Amino acid sequence: MKFGIIRERKNPPDRRVVLSPEACQQVLQHHPEASIVVESSPIRVFEDAEYSNLGIPVADSVADCDVLLGVKEVPIDALIPNKKYFFFSHTIKKQPYNRDLLRAILERNIELYDHEVITNPKGQRLVAFGRYAGIVGAYNGIRAYGLKFKTFELPKAETLHDQQALIAELQKIQLPNIKILLTGKGRVGNGAKEMLDAMHLKKVNVAAYLSETLSEPVYCQIDASEYNKRKDGVRGNKADFFANPEEYKSNFFRFAEVTDFYIAGHFYGQGAPYLYTRADVKHPNFNIKVVADISCDIDGPVATTIQPSTIADPIYGYHPQTEQVVDYHNDEAIAVMAVDNLPCELPRDASIGFGEAFSKYVIPAFYNGDADGILERARMTQNGKLTQQYLYLKDYVEIG
């Protein structure tokens, strides 16, 4: 099996890669029958020489490879017919902007495997950039806090080498005695937690967070069972919430009344209640001044996120009364950091972590007969047709 690491061609440019030079080396050591070719790229976070120095060939074309590995969507004019491709297609939710891409994949008899649906038998994702979104999101949020209140300035994450460089910058600053709320205990939430812990911030439980006046900056990490409650008053739990989200209503406002800085790192499921609404934000007791919305669901459960922001311009202001975007320095504005491609700001670390998981779970599936069904679950198209579990996309590709 010959694997090709493709050059990322989507704009804005993405410097990440599926396999780092060291990951390529590990794959070849564990699977001597495999071969890897890297398509030359001027933007990849690992330079061509970093691959060739480890004996991984770099070429101007990977058209002779069997399996092509990318991160972001491949532009239609760059798709090579009759190949196996791995990338984030952003089509599984019927995203309108990628309908033509999925049509082209079917027309060109491409076997598409989407990173987003590389899962174990329980449906848990095996390869993801979520941890790095959390790491960068927490850093960007703290940076936004300093800029909003003009108390400190941090360099942009994209200008720093790796996570340790981000941590070194955070350790130079002193936060005031604020309360920081973090929602989510998955990859994203725990990535953010890494950064708060690296600052040696004190973690407190819900009771202390809600009721105590504290003499130092603190944070509280909560999950869905703590910011939602059953409508019928029966005591719920996380499992029940995910099974029956429509039976719940938000219990978030009690946190909003005491929180200064909020980091949204949770997963939002269909049918779940919004954490807070635009009406909530208008309430005089709503205290949140800075929001780092890593999840970045537009006009969704975090009502202050009314548009995404960009790496180039990562912070905007949300005016509670007008519900409009304003300068985040406005005294009445809530500063919102809602960059929707955060891992791009930490491309080296993100690529290393992603490649370790891809090497561990996906590459072996090509050599063990896909014993765990990893390839089967991730395969969206085959022989010019949608596979069985993705037939729900049939009307999506046929409309229009």
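Observations on the structure shown:
- Total residues in segment 229-255, condition of a type outside the set (A, V, I, L, M, F, W, C), exposed (fewer than 14 other Cβ atoms within 10 Å of the Cβ) and farther than 20 Å from Leu182 by Cα: 6
- Residues that are polar (S, T, N, Q) and either on the phi > 0 side of the Ramachandran plot or at pLDDT below 95 (or both) do occur in segment 336-349.
- Considering segment 84-111, the residues that are of a type outside the set (Lys, Arg) and part of a loop (DSSP other than H, G, I, E, B) include one that is nearest to Asp64 (Cα to Cα), namely Ile110.
- Among (1) in the same structural domain as Asp313 (by TED's automatic domain parsing); (2) outside any helix (DSSP H, G or I) - the single one Arg143 does not satisfy: (2)
- Cys65 assigned to a helix (DSSP H, G or I) and crowded, with 21+ Cβ neighbours inside 10 Å: no
- Scoring Thr305 on the criteria (1) outside any loop (DSSP other than H, G, I, E, B); (2) of a type in the set (S, T, N, Q); (3) buried (at least 21 other Cβ atoms within 10 Å of the Cβ) leaves a single failure, condition (1).
- The residue of segment 354-400 that is farthest from Val127 (Cα to Cα), among those that are part of a helix (DSSP H, G or I) and among the hydroxyl-bearing types (Ser, Thr, Tyr), is Tyr396.
- Any chance Pro57 is more than 30 Å from Glu398 (Cα to Cα) and either in contact with a Phe, Trp or Tyr (Cβ under 9 Å, 6 or more places away or on another chain) or surrounded by 17 or more Cβ atoms within 10 Å (Cβ to Cβ) (or both): yes
- Checking each residue of segment 59-66 against the condition of being modelled with pLDDT of 95 or more, closer than 24 Å to Ile110 by Cα and in contact with a Leu (Cβ under 9 Å, 6 or more places away or on another chain) gives at least one match.
- Tyr97 in the same structural domain as Leu393 (by TED's automatic domain parsing) and modelled with pLDDT of 95 or more: no
- Unique match (being part of a loop (DSSP other than H, G, I, E, B), surrounded by 13 or more Cβ atoms within 10 Å (Cβ to Cβ) and in contact with an Asp or Glu (Cβ under 7 Å, 6 or more places away or on another chain)) among Tyr328, Tyr268, Tyr274: Tyr268
- Set side by side, the residues Phe88, Phe152 differ, and just one is in the same structural domain as Met199 (by TED's automatic domain parsing) and without any contact (Cβ under 8 Å) to a residue 60 or more places away in the chain, which is Phe152.
- Those residues of segment 106-164 which are among the basic types (Lys, Arg) and at pLDDT 95 or above, in sequence order: Arg108, Arg131, Arg143, Lys148, Lys150, Lys156
- Check on Leu79, closer than 26 Å to Gln95 by Cβ, surrounded by fewer than 21 Cβ atoms within 10 Å (Cβ to Cβ) and either in contact (Cβ under 8 Å) with a residue 24 or more places away in the chain or out of contact with any strand residue (DSSP E or B) (no Cβ under 9 Å at 6 or more places or on another chain) (or both): yes
The values are calculated or read from the model by the stated rules, or taken from the named source; none is laboratory data. As the structure is a prediction and not an experimental result, all values here were calculated from the model. Because the Cβ atoms are built from the backbone with ideal geometry, glycine has one as well, and the counts that use them run over all protein chains shown.
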